[in-house]
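Q: Provided herewith is a single structure, encoded as structure tokens, for subsequent inquiry.
Readers should treat all values here as calculations from the given coordinates under stated rules, not as data from a laboratory. Note that the structure is predicted; figures quoted are calculated from it, not measured. Note that we place each Cβ from the backbone using ideal geometry, even for glycine, and neighbour counts take in every protein chain shown.
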Amino acid sequence: MSAAQTNGGGGVILRLEDVHTYYGAIHALKGISLDVREGEIVTLIGANGAGKSTTLRSINGLNHPRRGRIVFQGRDITNEPPHEVVKMGISQSPEGRKLFPRMTVRENLEMGAFQRRDRANFKEDVDRVYSLFPRLAERRNQNAGTMSGGEQQMCAIGRALMARPKLLLLDEPSMGLAPIFVEKIFEIVREINEQGTPILLVEQNALMALDAAERGYVMETGRIALADDAHALRQNEQVRKAYLGET
Amino acid sequence: MSSIPADQPPARRAHPAGDDGAGGGSGGIGRRRVFNPLNVLLVLGLTAAAFLYPYYNEALQAIPLIGDFVPGVGAMVVMLVFTMMAVGLNIVVGYAGLLDLGYVAFYAAGAYMAAWFASQQFEQWRFHFGAVGISPELPGIHLSIWIVLILAGIFTTVVGILIGLPTLRLRGDYLAIVTLGFGEIIPQFVRNGDNIFGFDLTHGTFGISPIDSPGFGALGGGLLPESYQTSFERQSWFFWTALVLLLITIFCSVQLRDSRLGRAWIAIREDETAAAAMGIPLMRTKTWSYAIGAFFGGVAGAFYASFKSGAFPADFYFNISIFLLCMVILGGMGSVWGVIVGGMVLGYLNVEGLSTIGTKLNEAFFDPVFGKQIEVAKYQFGIYGAISVRMMLFRPVGLIPERRRRRELEEGVHDESLYDASSH
């Protein structure tokens with residue numbers, strides 16, 4: 001945890017400054033600025049198409065911003081390719097989970113450690129993932145594509161953890177899951193965070209996300225509309241109406 | 001970050017990844033395999049049987065009825081060379097999932113490397129190094145074929161990287177179209193390369209021949225032939241050499257499949273975006289598959305040119321690319337053993353199987369019944385097409401499917417077809 005504190009950012013591990021990202025001619029992100037600090041869960045909520053996933057794609061190098069800066073642990077990663085970003089310590093569970101369907105659970109976890117240099121702790125890390133998700137241990141030799149949505153989500157998060165990330169990006173971990181699995185996933189997200197990994201959590205399930213997070217950003221059509229403590233956002237009139245389904 | 005994993009040569013899979021899983025057979029990426037003694041025995045037995053083929057070939061051919069269908073040693077050489085190319089192509093198509101319709105370009109490049117460095121093509125120079133079976137007075141560049149094989153591999157690897165870098169950014173169909181283009185450009189270039197600003201590089205449509213034969217010269221010590229061309233067992237030596245080349249290709253192919261690089265290829269084949277998100281450098285990993293596939297195509301091409309003692313532009317038509325692709329599909333994309341079977345079967349049909357079958361059919365049926373003969377070999381592409389269509393309908397994973405694809409077949413969860421063709 002000391003790495004970020006020594007770079008003088010007040011514990012800020014990831015900072016986006018006025019990021020503009022395009023899909024071809026479509027201006028998807030219109031100047032996003034946000035921070036993720038050491039040890040916290042930050043959530044990015046908003047409607048479909050607000051640019052939440054694009055923000056993650058900008059961070060991990062799949063869609064480079066045309067303007068603005070992304071700084072991770074004091075290093076400018078704005079134009080780094082995805083494999084360099086992963087190597088620096090940002091790993092993710094992508095939208096739609098994106099498992100390798102014809103690889104087993106175990107093989108998927110192996111792929112998560114692809115960029116790691118220290119192979120010695122590999123087994124230890126697999127065991128850690130299995131202890132977080134006992135279900136995955138049961139299914140270790142099953143093809144990932146044949147598991148239920150909830151199990152696949154567990155596998156995707158487990159795979160992301162295999163990189164020993166310094167920052168974990170989660171894109172809609174609750175998408176398409178039964179309520180009981182949603183609860184379970186959020187429990188584990190908190191547990192991972194308590195073990196010391198900061199998390200940037202993108203969610204449509206704003207209620208659950210704000211419960212889990214310390215701080216939140218509300219996105220609307222490519223911009224940050226609101227930024228506050230999760231608790232404050234939870235009380236915010238606009239947020240309650242727009243995202244929490246309350247009247 | 002100077003060294004990136006996918007850059008490492010395949011031999012690197014012995015790095016510490018294995019130390020936690022050597023016993024259980026499941027370490028990190030790039031696992032050590034646990035050998036099943038039965039499989040080892042089977043492979044060793046088959047290899048031994050293959051090496052002895054020239055000795056019992058005639059005995060097999062003497063068997064009534066079946067004997068006529070047994071390929072001769074010379075035909076076997078061609079089958080082995082094509083199988084070697086199919087195994088090479090399998091690295092690109094089967095492992096990395098990149099549809100390459102222009103593999104013939106590497107075959108051509110390899111063949112012309114042999115033509116340039118082991119023939120009289122460049123009469124203006126005279127340079128001999130290790131060449132056997134020819135007069136040292138002969139003009140032209142004459143390197144030992146063994147050196148030429150390696151040079152051809154290196155050259156086609158470079159060609160593969162040069163073609164790959166701009167094209168591998170494309171996905172799926174687009175890549176197929178561009179590789180198809182390169183497959184057409186190279187034979188055209190060869191056909192028109194007899195006057196490049198007055199320099200005769202390829203000798204145009206005439207091709208280049210003769211090309212020197214392999215051999216061991218004085219190094220053979222009487223045990224190994226000085227030159228295959230003048231040896232009494234010319235065919236057998238070519239056969240053994242082709243077999244060794246194929247075995248090397250198979251060995252590398254299996255090692256690569258189980259390496260970290262191989263796993264990265266499979267990840268890209270499964271889901272490119274997910275692979276990128278896992279930190280797999282896409283371009284570099286794909287380019288490696290293309291380059292390594294090209295390497296084997298080049299070596300096979302050079303060897304084949306030496307066997308035929310010539311390189312001709314008419315050998316490098318588009319249909320060869322498709323033919324090789326059919327071998328991969330028939331055998332099972334990604335499955336080395338399947339591709340070997342697919343390569344040998346289609347290779348056999350192509351070299352002499354079809355004409356033998358045709359002759360037999362004519363003797364037994366068409367001649368006595370209709371008083372006419374048909375030439376089955378002329379229908380070859382119709383026949384291969386029919387085989388491919390049948391395969392796609394009834395066994396899309398190939399004769400011997402890769403483990404992963406077999407699982408898919410058994411579990412039947414992905415890529416379900418719109419309707420079940422086999423139920424009709």
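Q: Estimate the FRET efficiency between B:Ala314 and B:Val40 by the formula 1/(1 + (r/R0)^6), using the beta-carbon distance for r and 35 Å for R0, to the nearest 0.05.
A: After rounding, the FRET efficiency stands at 0.25.
Q: Please list, by residue number, everything in the range A:71-115 whose backbone N is under 16 Å from a paramagnetic label point 7 Å out along Cα→Cβ of A:Met175.
A: A:92-101
Q: Could you work out the relative contact order of the range A:10-158, using alpha carbon pairs under 8 angstrom and six or more residues apart, expressed as a whole percent?
A: Working: 203 pairs, mean separation 29.3, N = 149.
The normalised contact order for the range A:10-158 reaches 20 percent.
Q: Moving on to the next point. Nothing charged except the Cβ atoms of Lys and Arg (+1) and of Asp and Glu (-1): what's the magnitude of the dipole of the range A:20-122 about its Cα centre? Round to the nearest 20 debye.
A: Roughly 220 debye, rounded to the nearest 20.
Q: For the residue pair A:Asn79 and B:Gln255, what label-to-label distance in nm results when each label sits 7 Å from Cα along the Cα-to-beta-carbon direction?
A: Placing both labels 7 Å along Cα→Cβ, they lie 3.9 nm apart.
Q: Of the listed pairs A:Lys87/A:Lys123; A:Lys30/A:Lys184; A:Lys52/B:Lys286, which have alpha-carbon separations greater than 25 Å here?
A: A:Lys30/A:Lys184; A:Lys52/B:Lys286
Q: Right, next: Where Rh denotes the Kirkwood radius from the mean inverse Cα pair distance, what is Rg over Rh for the protein assembly as shown?
A: Over the Cα atoms of the protein assembly as shown, Rg/Rh equals 1.06.
Q: Let me ask you something else. Hey, could you grab the Kirkwood Rh for chain A? Inverse mean 1/r over distinct alpha carbon pairs, Å, one decimal. Display every interim value, and only then the final one.
A: Numbers: mean 1/r = 0.0550 Å⁻¹.
Mean inverse Cα-Cα distance, inverted, gives 18.2 Å.
Q: Which aspartates and glutamates have a Cα lying under 19 Å from the Cα of B:Lys308, excluding residues fewer than 8 positions away in the same chain?
A: Within the straight-line limit of under 19 Å, B:Lys308 reaches these aspartates and glutamates: B:Asp212, B:Glu226, B:Glu233, B:Glu352.
Q: Taking the simple approach of a point 7 Å from Cα along Cα-to-Cβ for both B:Ser355 and A:Asp118, what is their distance in nm?
A: So the label points at B:Ser355 and A:Asp118 sit 6.6 nm apart.
Q: For chain B, list the DSSP H helices whose alpha carbon atoms reach 27 Å or more along the long axis and whose average Kyte-Doolittle value is -0.5 or above?
A: B:145-167, B:172-191, B:234-257, B:282-308
Q: Per residue, what volume in Å³ does the Cα convex hull of the range B:76-317 take up?
A: Value for the range B:76-317: 121 Å³ per residue.
Q: Using Cβ counts within 10 Å as a stand-in for footprinting exposure, how do B:Arg171, B:Arg395, A:Arg116, B:Arg191 rank, fewest first?
A: So the ranking, lowest neighbour count to highest, is B:Arg171, B:Arg395, B:Arg191, A:Arg116.
Q: Does the range B:22-177 classify as rounded, prolate or oblate by the C-alpha gyration tensor (a ≥ b ≥ c root eigenvalues; a/c under 1.5 gives rounded; else a/b over b/c gives prolate, otherwise oblate)?
A: Values: a/c = 1.80, a/b = 1.09, b/c = 1.65.
The shape class here is oblate.
Q: Taking 0.36 nm per residue of separation and subtracting the Cα-Cα distance, what length does fully extending B:Met392 through B:Ala48 add? Don't jump to the answer; show the numbers that get you there.
A: On the way: separation 344, 0.36 × 344 = 123.84 nm, distance 3.38 nm.
Full-extension gain reported as 120.5 nm.
Q: If you restrict to DSSP beta bridges whose two residues both lie in chain A, what percentage is antiparallel, to the nearest 5? Intermediate values should be presented prior to the final figure.
A: On the way: 23 of 41 bridges.
Bridges in chain A are about 55 percent antiparallel.
Q: Then there is this: Only bridges whose two residues both fall in the protein assembly as shown count here: according to DSSP, what percent of them are antiparallel, nearest 5?
A: 55
Q: Using the Cα centre of chain B as origin and beta-carbon charges of +1 (Lys, Arg) and -1 (Asp, Glu), tell me which of B:Val190, B:Val159, B:Trp288 is placed farthest towards the positive end of the dipole.
A: The residue sitting most towards the positive pole is B:Trp288.
Q: Also: Kindly provide log₁₀ I(q)/I(0) values, in the same order as q = 0.09 Å⁻¹, from the Debye equation applied to equal alpha-carbon scatterers of the range A:75-218.
A: -0.25
Q: How much of the calculated P(r) for chain B lies past 40 Å, in percent of all Cα pairs?
A: On the way: 18763 of 89676 pairs.
For chain B, the fraction of Cα-Cα distances above 40 Å is 21 percent.
Q: Now for a separate question. Going by how many other beta carbons lie within 10 Å of each one, how would you line up A:Thr197, A:Thr55, fewest first?
A: A:Thr197, A:Thr55
Q: Please compute the net charge surrounding B:Phe69, taking Lys and Arg as +1 and Asp and Glu as -1 over other residues with Cβ under 14 Å from its Cβ. Walk me through the numbers on the way to the answer.
A: Details: positive: B:Lys360; negative: B:Asp68, B:Glu352, B:Glu363.
After counting each charged neighbour, the total is -2.
Q: Rank A:Gly216, B:Asn350, B:Cys326 by how far each Cα sits towards the positive end of the charge dipole of the protein assembly as shown (+1 on Lys, Arg Cβ; -1 on Asp, Glu Cβ) and give me just the farthest.
A: A:Gly216
Q: At most 11 other C-beta atoms within 10 Å and a DSSP loop state: those are the exposed chymotrypsin sites (Phe, Trp or Tyr not before Pro) I care about. Give me the longest piece of chain B that has none.
A: Free of exposed loop sites, the longest segment is B:233-418.
Q: About the Cα centre of the protein assembly as shown, what is the dipole size in debye to 20, counting +1 per Lys and Arg Cβ and -1 per Asp and Glu Cβ, all else neutral? Don't skip to the answer; put the middle values down first.
A: Values: 59 positive and 62 negative charges, 129 e Å.
Its charge dipole is roughly 620 debye.
Q: Also, I was wondering about something else. Could you check what % of the DSSP bridge pairs in the range B:76-317 are antiparallel, to the nearest 5?
A: So the antiparallel bridges in the range B:76-317 amount to around 55 percent.
Q: So, one more: Which GluC sites (Glu not before Pro) in the range B:355-408 pass both tests, a DSSP loop state and at most 13 other beta-carbon atoms within 10 Å? Numbers along the way, then the final one.
A: Working: sites: B:Glu363, B:Glu375, B:Glu402, B:Glu408; in loops: B:Glu375, B:Glu402.
Here the GluC sites (Glu not before Pro) that fit, given the DSSP loop and packing criteria, are B:Glu375.
Q: Same structure, new question: Whole angstrom only: what separates the Cα centroid of the range B:230-296 from the Cα centroid of the range A:10-25?
A: So the two Cα centres are separated by 40 Å.
Q: Can I ask one more? 222 nm [θ] for chain A, helices only, -39500 (n - 2.57) per DSSP H run of 4+, per residue, to 500?
A: Taken over chain A, the calculation gives -10000 deg cm²/dmol.
Q: Straight-line reach from B:Lys360: which lysines have Cα under 18 Å away, leaving out those fewer than 8 places along the same chain?
A: Excluding near neighbours in sequence, the set is B:Lys372, B:Lys378.
Q: Go through A:Val182, A:Gln142, B:Gly298 and say which Cα lies farthest out towards the positive end of the charge dipole of the protein assembly as shown; charges sit on Cβ, +1 for Lys and Arg, -1 for Asp and Glu.
A: Checking the options against the dipole of the protein assembly as shown, the answer is A:Val182.
Q: How many nm is it between the label spots at B:Arg169 and B:Ile196, if each spot is 7 Å from the Cα in line with the beta carbon?
A: A separation of 2.6 nm, rounded to one decimal place.
Q: Placing +1 at every Lys and Arg Cβ and -1 at every Asp and Glu Cβ, with all other atoms neutral, what dipole size does the range B:76-317 have around its Cα centre, in debye to the nearest 20? Mind dumping the intermediate values first?
A: Details: 12 positive and 15 negative charges, 116 e Å.
Using only the charged Cβ atoms, the result is roughly 560 debye.
Q: Please sort by residue number the GluC sites (Glu not before Pro) in the range B:55-138 whose DSSP state is loop and whose Cβ has at most 16 other Cβ atoms within 10 Å.
A: B:Glu123, B:Glu137
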